[in-house]
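Report on the following structure.
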Amino acid sequence: FFFNDTATTEIYTEQIVGSVRCVQETDIIQPTSTPVNENLVELLLMVSTMRRASAGKINVIIPYYGYSRQDRKVAPRVPISAADVARLLETMGVDRVVAVDLHCGQIQGFFGPRVPVDNLEANIVGLTYVLDHKNEIDLQNLTIVSPDAGGVTRAKKFQDMIKNQGYENISLAMIIKRREKASQIDSMHLVGSVENQDVIIVDDMVDTAGTLCKAVEELKRNGAKKVYAFATHGLFSGAAFDHISKAPLEKIIVTNTIPAKEQEEHCEKIVRLSVGPLLAEAIRRIQEKESVSNLFQVKRI
């Protein structure tokens, strides 16, 4: 669909095969992960192409929302890039946005009321893995840990989902971090107990894995037996694979919202799960005018 002009480095769009004129709904799936700017421009051009071809409603499915961590002003005279990306998509004529585990829920509010945003929760994918590996993970002595205060709600939801499967002794803990700089942790303190417990750290993404591995070491110092991690988006940049290989971590479970890197083949601790069925069901429910939120209502056993 796209090709690059090697001389100008511009992105060119090929002709769509078949007519989309007056098609009731069009779904475009495109993560805006690395290379972020190139993927974002491709997405904008695809939306523009569909709009100019007289398509009906245009739904964009963004498994990973690029610039999501730039969701507020951290200093004077800086942009709120996550909001600017939303404005770009809205200007190009998007009718609906479906994302997977946005870095923070407020990004949904960056879009106007005419563009509904569905934030799909990948913890239901992680739940399936945990239940399928209950012989390895001690669900009777398990603590769910949030790596920071902002992720407590996400960790609490994961705890409740496991409890609804009949495992009532699931505890919740949190790590408080003090940063020297944006990417440098000065100290960590655990709130809660993990002694003689298996632990699952729940987060939305893992980047260089430096902070994650320090959290694993802190949990081990506090008596945790086995430590697992579940993160929706596996960016794995910088020295991530080296950090993960050296850490006392059993497994790190991520989803395929971001394409896998070649180095993953040499790291046995990384498990990658598919969000394909989750996205497919969400698309079906949107097409059939059914509730998307009911997709995450895990029935109590």
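Take every Cα pair under 8 Å whose residues are at least 6 apart in sequence, average their separation, divide by the length of the chain, and the relative contact order is 12 percent. Over region 186-301, what is the relative contact order in whole percent, taking alpha-carbon pairs under 8 Å and six or more residues apart? Relative contact order, region 186-301: 21 percent. Across the protein chains, with a 1.4 Å probe defining accessible surface, the residues 195, 290 rank 195, 290 from largest area downward.
At R0 = 25 Å, how high is the FRET efficiency between residue 164 and residue 267 if r is their beta carbon distance? Nearest 0.05 is fine.
E(calc), rounded to 0.05, equals 0.20.
Farthest towards the positive end of the charge dipole of the chain, among the residues 158, 34, 54, is the Cα of 158, using unit charges on the Cβ of Lys, Arg, Asp and Glu.
The GluC sites (Glu not before Pro) found in region 76-181 that occupy coil by DSSP, while having at most 10 further C-beta atoms within 10 Å, are 168. Rounded to the nearest 20 debye, the dipole magnitude of region 163-247 is 160 debye, with +1 charges on Lys and Arg beta carbons, -1 on Asp and Glu beta carbons, and the Cα centre as origin. Just so you know, the averaged projected area of the alpha carbon convex hull for region 76-140 sits at 7.1 nm². When only the Cβ of Lys, Arg, Asp and Glu is charged (+1, +1, -1, -1), the dipole of the chain relative to its Cα centre reaches about 820 debye.
Which of the GluC sites (Glu not before Pro) across region 209-280 are loop residues per DSSP, with 12 or fewer other Cβ within 10 Å? Loop-located and lightly packed - 268.
Computed over protein heavy atoms with a 1.4 Å probe, the accessible surface of the chain works out to 51 Å² per residue. Descending by average beta-carbon neighbour count within 10 Å, the peptides 29-35, 199-205 line up as 199-205, 29-35, the highest first. Checking the Cα-Cα distances for 226/289; 134/177; 157/261; 177/246; 163/261; 73/214 against a 32 Å cut-off, the pairs over it are 226/289; 163/261. When the trypsin sites (Lys or Arg not before Pro) in region 102-189 are filtered for DSSP coil states and for at most 12 other beta-carbon atoms within 10 Å of their beta-carbon, the remaining sites are 114.
Rounded to the nearest whole angstrom, the semi-axes of the ellipsoid equivalent to region 17-176, taken from the Cα gyration tensor as √(5λ), stand at 36, 21, 12, largest first. Measuring nothing but protein heavy atoms, the accessible surface of the chain at 1.4 Å probe radius is 49 percent carbon and sulfur. Summed over qualifying helices (DSSP H, 4 residues or more, each -39500 (n - 2.57)) and divided by its residue number, the chain shows a 222 nm mean residue ellipticity of -8500 deg cm²/dmol. Its relative contact order, with pairs defined as Cα atoms under 8 Å and 6+ residues apart, puts region 112-239 at 24 percent.
Site pair residue 281 and residue 88 shows an inter-label distance of 3.2 nm when each label is modelled 7 Å from Cα along Cα→Cβ. For the chain, report the translational diffusion coefficient in µm²/s to the nearest whole number, using Stokes-Einstein at 4 °C, 1.567 mPa s, and a Kirkwood Rh over Cα pairs. Here the translational diffusion coefficient equals 63 µm²/s.
The values are calculated or read from the model by the stated rules, or taken from the named source; none is laboratory data. For clarity, every value in this text was computed on a predicted model and none was experimentally measured. Positions of Cβ are generated from backbone atoms using ideal geometry, with glycine treated the same way; all protein chains shown enter the neighbour counts. What goes into the accessible areas is simple: the full protein's heavy atoms, side chains included, and nothing from ligands, DNA or RNA. Shrake-Rupley method; radii C 1.70, N 1.55, O 1.52, S 1.80 Å.
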